[in-house]
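Report on one structure; see the data block that follows.
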Amino acid sequence: MIELAPLAWAALGLAAVTIGISKTALPGGSILAIALFATVLPARTSTAAMLLLLIVGDVFALITYRRHAHWPTLLRLAPAVLAGLLAGFAFLAIAGDGIVRRAIGVILLAMIAVTLWRRWRQNRADAVAPAPGGIVLSGVYGTLGGFTTMVANAGGPVMSMYFLATRTPVQVFLGTSAWFFAIINLVKIPFLAGLGLFEGHVLLMDAVLAPLVVIGALVGIRLAKRMNQVLFDRIVIVLTIAGAVYLLF
């Protein structure tokens, strides 16, 4: 087991609860957990440790929202996401931690700016929102989502911006995200294992933190039932901006 100060364990515990909540109520909210893990642990170790906890959260997300997924959107995103995963794997193998963090921060802020601009333009024109999955839109967001989830488990905010840009309803948002990340996180395991990141102390630490992910997931289920679309969108945007700024500075 990694020797950590009590305050560091408290931070990891909070991060684990946040992972659970993000999986069942606030996609993109896991950016807080990313920040906490990256603060306490070396960047590469934090990526591996978080992945296993994210998979625990995926189980609860699928149990709760598996019937609400929009499968045409997932299939449309698949080729771009795969390309992003491969690019992210290559980047993770050669880039330093600082470069990785700043690159992701820039990407997130750019996605937020594009999303807010698209919404402003649509509202000004009283236009009908585009159907989820335009080829260019899904290609850009899918590639960036695959890249960021591989290098830092930070694909949640990118894909949240995609679903917000396409004005996806809350339940469909959560259901599609649940399947998307359940599949992607399993695909990432052999890549990170190939880099030797799943060491024994990482597995032991995750065993201690996993029950907190479960608690967070159950709390998130209750929160999601009481949240309206406007509040949901605003919380996701605020969390994404906060996480992007942290990664930059």
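The values are calculated or read from the model by the stated rules, or taken from the named source; none is laboratory data. All of these numbers come straight from a predicted model, not from anything done at the bench. Glycine gets a Cβ as well: all are built from the backbone with ideal geometry, and neighbour counts include every protein chain shown. These area figures cover heavy atoms from the full protein model, side chains too; ligands, DNA and RNA do not enter into them. Shrake-Rupley method; radii C 1.70, N 1.55, O 1.52, S 1.80 Å.
Miscellaneous remarks
- The conditions of being under 30 Å from R222 (Cα atoms), modelled with pLDDT of 85 or more, in a helix (DSSP H, G or I) and open to solvent by less than 50 Å² (accessible area, probe 1.4 Å) are met by L53.
- Total residues in the range 151-166 satisfying the condition of being closer than 18 Å to A43 by Cα and assigned to a helix (DSSP H, G or I): the figure is 4.
- L209 satisfies every condition listed in (1) without any contact (Cβ under 8 Å) to a residue 12 or more places away in the chain; (2) within 19 Å of the chain's Cα centre (by Cα) except (1).
- Residue in the range 63-77 that is in a helix (DSSP H, G or I), within 14 Å of the chain's Cα centre (by Cα) and modelled with pLDDT of 85 or more present: no
- You will find that of A11, A33, the residue that is without any contact (Cβ under 8 Å) to a residue 24 or more places away in the chain, open to solvent by less than 40 Å² (accessible area, probe 1.4 Å) and closer than 26 Å to I221 by Cβ is A33 and no other.
- Test set (1) out of contact with any Leu (no Cβ under 6 Å at 6 or more places or on another chain); (2) open to solvent by less than 30 Å² (accessible area, probe 1.4 Å) - I104 fails condition number: (1)
- Checked against the criterion of being part of a helix (DSSP H, G or I), of a type in the set (G, A, S) and under 13 Å from the mean Cα position of the chain (by Cα), the candidates G139, G146 yield just one match: G146.
- Odd one out for G133 among (1) open to solvent by less than 20 Å² (accessible area, probe 1.4 Å); (2) at pLDDT 75 or above: (2)
- Residue count for the range 1-46, restricted to those that are over 19 Å from F198 (Cβ atoms) and among the hydrophobic types (A, V, I, L, M, F, W, C): 15
- Filtering the range 36-50 to residues that are surrounded by fewer than 24 Cβ atoms within 10 Å (Cβ to Cβ) and hydroxyl-bearing (S, T, Y) leaves T39, T45.
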